[in-house]
Amino acid sequence: MKFNAVQLVQCWPHPSRPRPIVIIGAGDIVRDAHLPAYRQAGFPVAGVFDLRREVAEARAKEFRLPRVFDSVADAIAVPNAIFDLGVPPKSQEAALESLPDRAAVLSQKPMGNSLEMAKRIVAICERKQLRAAVNFQFRFCPSMLAIHDLVKRGELGDLVEIEVRLNVATPWKTFPFLLSESRVEIQIHTVHYLDTIRMLLGEPSRVFARTVKHPHFPKLASTRSSIILDYGDMIRCCLSINHCHPFGPRHEAATIRVEGTEGCASATIGALIDYPRGQPDRLEVFTRSQKEWVEIPLIGRWFPDAFIGTMSNLQRFVAGEDAALVSPVTDALQTMKLVEACYVSDARGGINLESIK
């Protein structure tokens, strides 16, 4: 049997009757991913609010949105709305507090800028009875959904390896807001891979991590990481992340390999190679049913397709079409705990060779 895009799950079902989306915070990620995703999916956007009105007006003009809200109070007054929070991590608590009780909300990742803030966010959502999901959208990439489907079908057997390898040139100068952050690489970027690994393997028992700077970007807290997640004696899970490869695209790489006892899947994250132009995502698999490598035709890519998935799941959950949220705040808290464990491991350091006699 040959696997193809029809047989493997690559997208989340759309809601049958999507509710209007109200966007609060209209920065670059909203321009580059959220709004293109909703336009592609045909989801109604009721309007947008941003503290910088000129930014909100630019988004409304580009995407032909019906309204720019004058205030948060105007934005939250839209009946039956789904709220999409595109605010920075430090502003998420205040944004969630401003929403009506029992509102449905999709909040930007990461969930706050620290584990303590993440815990407070969960407490706010529970107190206000918010139906809240976090936009850990990498889980919803066509390639990641397909790999998850392969795992559930048993086509890879028992998982024994997950390896994430990035060797890319991220244009850090285009993200000046990161200069003030004390945590960058793991919390802002690699959190996606840690979250998706949790989806596939669950919680690791231990974490070993080191995250470092680069001489070309000395003002950034970190731009490269090495991480090992301990899942016992039969599973090897490691991440090698370098965002500072300045020597052209020839040897750039952005791959995730998921290997089992009976099969293997290798995904290429095209958006990260030769960024921002990027390349198509790719997925090659060797399965129990077909013991040869084949390339799966993908029906989309990380940006913007995965953002359709997170909103679809929330919309369907609110409508009773999905039984559960894929990334509720309680699950996102576990991802933030894993991020925290990486930073604690980095701070504590390894074994000093001088101590070995």
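Where a number appears in this text, it was derived from the coordinates with a stated rule and is not lab data. Owing to the predicted nature of the structure, the values given are computational and were not obtained by experimental measurement. Cβ atoms come from the backbone with ideal geometry, glycine included; neighbour counts cover every protein chain shown.
Between the amide H of Arg224 and those of Val212, distances stay under 5 Å, these residues lying 5 or more places away or on another chain, with hydrogens modeled in the peptide plane.
Peptides 104-114, 171-181, 279-289 ordered by packing proxy, namely the average of other Cβ atoms within 10 Å per residue, highest first: 104-114, 279-289, 171-181.
Amide H contacts for Val45 (H built 1.01 Å from N in the peptide plane; partners 5 or more residues away or on another chain; cut-off under 5 Å): Ile21. For the stretch 257-357, the gyration tensor built on C-alpha atoms gives an oblate shape. Its axis ratio a/c (a ≥ b ≥ c) is at least 1.5, and a/b is not larger than b/c.
Starting from 0.36 nm per residue, how many nanometres of slack lie between Arg127 and Arg31 once their C-alpha separation is accounted for? Write down the numbers at each step before the final one.
Numbers: separation 96, 0.36 × 96 = 34.56 nm, distance 3.14 nm.
Taking Arg127 through Arg31 to full extension adds about 31.4 nm, to one decimal.
Treating only the Cβ of Lys, Arg, Asp and Glu as charged (+1, +1, -1, -1), what charge dipole size does the chain show about its Cα centre? Round to the nearest 20 debye. Numbers along the way, then the final one.
Working: 43 positive and 40 negative charges, 87 e Å.
Dipole magnitude for the chain comes out near 420 debye.
If you run the Gaussian network model on the chain, springs between alpha carbon atoms under 10 Å, then out of Leu145, Leu272, Leu51 the most flexible one is Leu51. Scalar couplings 3J(HN,Hα) for the stretch 236-251, obtained by applying the Karplus form with A = 6.51, B = -1.76, C = 1.60 to θ = phi - 60°, are 10, 9, 8, 10, 10, 10, 10, 9, 10, 9, x, 10, x, x, 4, 10 Hz; x denotes Gly and Pro. Here's the picture: charge each Lys and Arg Cβ at +1 and each Asp and Glu Cβ at -1 in the stretch 1-110, and of Tyr38, Val55, Ile23 the one pushed furthest to the positive end of that dipole is Tyr38. In the stretch 139-302, taking the dipole from charged Cβ atoms about the Cα centre, the farthest positive-side position among Leu298, Thr255, Val285 is held by Thr255. In order along the stretch 31-42, the Karplus-derived 3J(HN,Hα) couplings, from 6.51 cos²θ - 1.76 cosθ + 1.60 at θ = phi - 60°, round to 5, 8, 10, 4, 5, x, 5, 5, 5, 4, 7, x Hz, and Gly and Pro are given as x. Pairwise inverse Cα distances across the chain, averaged and inverted, put the Kirkwood hydrodynamic radius at 21.2 Å.
Mean residue ellipticity at 222 nm, helices only, the chain: -8500 deg cm²/dmol; runs of at least 4 DSSP H residues each add -39,500 (n - 2.57), and the sum is divided by the number of residues.
The amide H of Val78, built 1.01 Å from its N in the peptide plane, has no neighbour under 5 Å, considering only residues 5 or more places off or on other chains. Taking every pair of alpha-carbon atoms in the stretch 139-302, what share in percent sits in each 5 Å bin, from 0 to the bin with the longest distance? Taking every Cα pair in the stretch 139-302, the percentages come to 2, 8, 17, 20, 20, 15, 10, 5, 2, 1, 0.
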